[in-house]
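The values are calculated or read from the model by the stated rules, or taken from the named source; none is laboratory data. These figures come from a predicted structure and were not determined experimentally. Counting neighbours? That spans all protein chains shown, and the Cβs are built from the backbone with ideal geometry, glycine included. SASA here: full protein model, heavy atoms, side chains in, ligands and nucleic acids out. Shrake-Rupley method; radii C 1.70, N 1.55, O 1.52, S 1.80 Å.
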Amino acid sequence: MSKKPRVRFAPSPTGGLHLGGVRTVLFNYLFAKHFGGDFIVRIEDTDQTRFVEGAEDYIFETLAWCGLEPDESPKHGGPFAPYRQSERKAIYREYAEKLVAQGYAYYAFDTAEELDAKRKEVPNFQYNQISRAALKNSLTLLEAEVKSLLDAGTKHVIRIKMPANEEVKFTDMIRGEVSFNSDQVDDKVLLKADGMPTYHLAVVVDDHLMQITHAFRGEEWLPSAPVHILLWQYLFGLENMPEWAHLPLILKPDGNGKLSKRDGDRLGFPVFAMDWTDPKTGEKTTGFKEHGFLPEAFVNMLAMLGWNDGTDNEIFSLAELVEKFSMERVHKSGAKFDYEKAKWYNSEWIKKLPVSSYRLQVTGMLAASGINIDDNKKLETVLELIKDRCTLLTDFVQQSSFFFKAPETIDIAAIQPKWNEQKNMFFLELIRAFELMQSWDHEALENELKELAAANQLKPGELMLPLRIMLVGGKFGPHVFNIAEILGREETIKRIQHTLQLLTK
Ligand code: GLU
């Protein structure tokens, strides 16, 4: 690549970030970093009716969680500031007026009521090449009329004048040649009555001013591409137009259409990156982070939704993704979302990472369930021991609580059917043996139990399950002697005694 790429993620801050949005960020980031370029975040907030409190902060928090830090943004600053379009309002009018002066756009004076009436009268009404001839705009009014309306400060918008029957073509990095007929596209508003640009004008002007070289965005923006290409042609003679890449959709698990937040609610999995609470309705949508996903796993899983490195390898760190990423290997068709597979990535990353990297998050989850950790070393030992059994970070809570707090309930029913006086005697003897043991480690504990079992003509297998239930409360957890080692002598004996009492009641 001759020039270092400058790519941008250009979200409208209207709510939580869908995993498709994060994947767009990721592909932008991987491409830029692969070639040593810059990743820019530009906030496209020109539609003030859709402004949502907190949505911008949420975007930056999500990117930070994923480790996808921008080089330039409203938060990080940069040479092309401001990066929030609402703060760039004054820039856009000049471009819109230039288009009008050159005959590529026009003023439209139709009021909202007039257009509403049209919509009622004509099904699927569109302001386009045909209907514009009968509407109130600078193409139908006399020049003097237009001037006096403008002089009087009459509210108006500026619309693009779509040319008749023109093939608008461009090369998409994923799809190759893409072509549209201009007749299929309506005369989009470029500048609104409040002086704010619409997305169409702002995206083109800002990609130009910010010297964006490649524009990656979701496939849902493909229908808008002809408008953007024409604007690039009219305003800048197509010079330095970014290369476009429309990323395939992330599909519902059954492959039937785009994955939505509602699918997640219905099927019980997150679709947003992090928890999001709508400030207006109070509605809360859960996120991957709070479901117990590691950012490494989330990012890895997203990369594989639409890309692979050409081998069977599926586990990649962000640094490896940066090194291996290539647009040639991005798939053309949509990728089905598979929650079980997402969890598999997480379990692999739980095993792969040092427990110190997620200890804090687990500490927070344990605290939320009423367990406060004051011994970090013990927690790390526990996490190391149980990590192979955990798919989500939330699983650590169930798998580790009993190390810090005696179980509230003991599954006596699972012991009772095979319980007898001989076993009772055995455990009383075991307590005595444990009291006298020199070293308290899992091997010594196991030997002790086995020897004692042999002396009593009992099979160790029959004793291990009751012992486990005494220590843990149920039939789960890692190797029982490892549990006893970590619990320590006093606590182990206490728990055995407690269950023996329950059994003799
Ligand atoms: N503001 C658009 C969005 O909300 C950006 C589309 C683009 O990247 O051009 O997704």
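Numbers below:
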| item | result |
| --- | --- |
| Dipole of segment 50-208 [Lys/Arg +1, Asp/Glu -1 at C-beta], most positive-end residue of Cys66, Val205, Ala193 | Ala193 |
| Hydrodynamic radius by Kirkwood, which averages 1/r over all alpha carbon pairs of segment 47-192, in angstrom | 18.7 Å |
| Helix axis angle, 55-66 relative to the chain longest principal axis, alpha carbon, degrees | 50 degrees |
| Sum of side-chain charges, Thr14 neighbourhood, beta-carbon under 12 Å (Lys, Arg +1; Asp, Glu -1) | -4 |
| Separation between Cα centres of segment 240-319 and segment 171-238, rounded to whole Å | 25 Å |
| 1.4 Å probe accessible area per residue over segment 163-223, in Å² | 38 Å² |
| Inter-label distance for Glu323 and Ser356, nm, one decimal - labels placed 7 Å from Cα along Cα-to-Cβ | 2.3 nm |
| Whole-angstrom gap from segment 341-373 to segment 98-131, using each part's C-alpha centre | 55 Å |
| Coordinate range along principal axes, alpha carbons of the chain, Å, largest first | 110, 50, 39 |
| Low-density loop cleavage sites - GluC sites (Glu not before Pro) in segment 325-412, where at most 15 other Cβ are within 10 Å (DSSP) | Glu408 |
| Förster-model FRET efficiency, 45 Å R0, Glu283 and Asp116, C-beta, rounded to 0.05 | 0.95 |
| Within the chain: Cβ-based charge dipole about Cα centre, in debye rounded to nearest 20 (Lys, Arg +1; Asp, Glu -1) | 480 debye |
| Viscosity 0.890 mPa s, 25 °C: Kirkwood-radius Stokes-Einstein D of segment 242-368 over Cα pairs, µm²/s | 151 µm²/s |
| Of Ile350, Thr381, Ser401, farthest towards positive along the dipole that unit charges on Lys, Arg, Asp, Glu beta carbons give segment 322-417 | Ile350 |
| Given charges at Cβ of Lys, Arg, Asp, Glu: the chain dipole, positive-most of Ile40, Leu141, Ala414 | Ala414 |
| Share of carbon and sulfur in the accessible heavy-atom surface of the chain [1.4 Å probe, %] | 50 percent |
| Calculated FRET value between Leu502 and Leu436, using beta carbons and R₀ = 35 Å, to 0.05 | 0.90 |
| Net dipole in debye of segment 152-260 [+1 Lys, Arg Cβ; -1 Asp, Glu Cβ; about Cα centre; nearest 20] | 340 debye |
| Heavy atoms of Glu53 accessible to a 1.4 Å probe, total area in Å² rounded to 10 | 130 Å² |
| Segment 1-80, accessible area per residue, ligands and nucleic acids excluded (1.4 Å, Å²) | 37 Å² |
| With DNA, RNA and ligands ignored, accessible area of Asp57 (1.4 Å probe; Å², nearest 10) | 100 Å² |
| Tilt relative to the chain, helix 89-101 - C-alpha long axis, 0 to 90 degrees, to 10 | 40 degrees |
| Accessible area in the full protein assembly, largest first, 1.4 Å probe, for Glu72, Glu56, Glu485 | Glu485, Glu56, Glu72 |
| Assigned charges on the beta-carbon of Lys, Arg, Asp, Glu; segment 23-166 dipole about Cα centre (debye) | 420 debye |
| Segment 109-186 pair-distance distribution - Cα-Cα, 10 Å bins, rounded % | 16, 37, 27, 16, 4 |
| Taking the chain and dividing mean pair separation by its residue count, relative contact order in percent (alpha carbons under 8 Å, at least six apart) | 12 percent |
| With Cα atoms, 0 to 90° folded angle of helix 225-236 axis to the chain main axis | 50 degrees |
| Peptides 460-467, 245-252, 39-46, 432-439 ordered by average Cβ neighbours within 10 Å, highest first | 39-46, 245-252, 460-467, 432-439 |
| Per-residue HN-Hα couplings for segment 251-264 [Karplus 6.51, -1.76, 1.60; θ = phi - 60°; Hz; x = Gly/Pro] | 9, 4, x, 8, x, 8, x, 5, 5, 10, 4, 5, 4, x |
| Heavy-atom SASA rank of Tyr92, Tyr234 (probe 1.4 Å, accessible area, largest first) | Tyr234, Tyr92 |
| Convex hull per residue volume in Å³, alpha carbons only, for segment 211-292 | 155 Å³ |
| Quotient of C-alpha Rg and 2.2 N^0.38 Å, computed over segment 431-505 | 1.03 |
| Residue-count net charge about Ile410 - beta-carbon cut-off 13 Å; Lys, Arg +1, Asp, Glu -1 | +3 |
| Heavy-atom SASA rank of Asp206, Asp151, Asp411, Asp309 (probe 1.4 Å, accessible area, largest first) | Asp151, Asp411, Asp309, Asp206 |
| Computed label-point distance, nm, for sites Leu458 and Glu239 using a 7 Å Cα→Cβ extension | 8.9 nm |
| Accessible-area value, Thr311, 1.4 Å probe, nucleic acids and ligands omitted, Å² | 80 Å² |
| Average accessible area per residue (Å²) across segment 379-460 - probe 1.4 Å, nucleic acids and ligands excluded | 54 Å² |
| Globularity index of segment 293-341, i.e. its alpha-carbon radius of gyration over 2.2 N^0.38 Å | 1.10 |
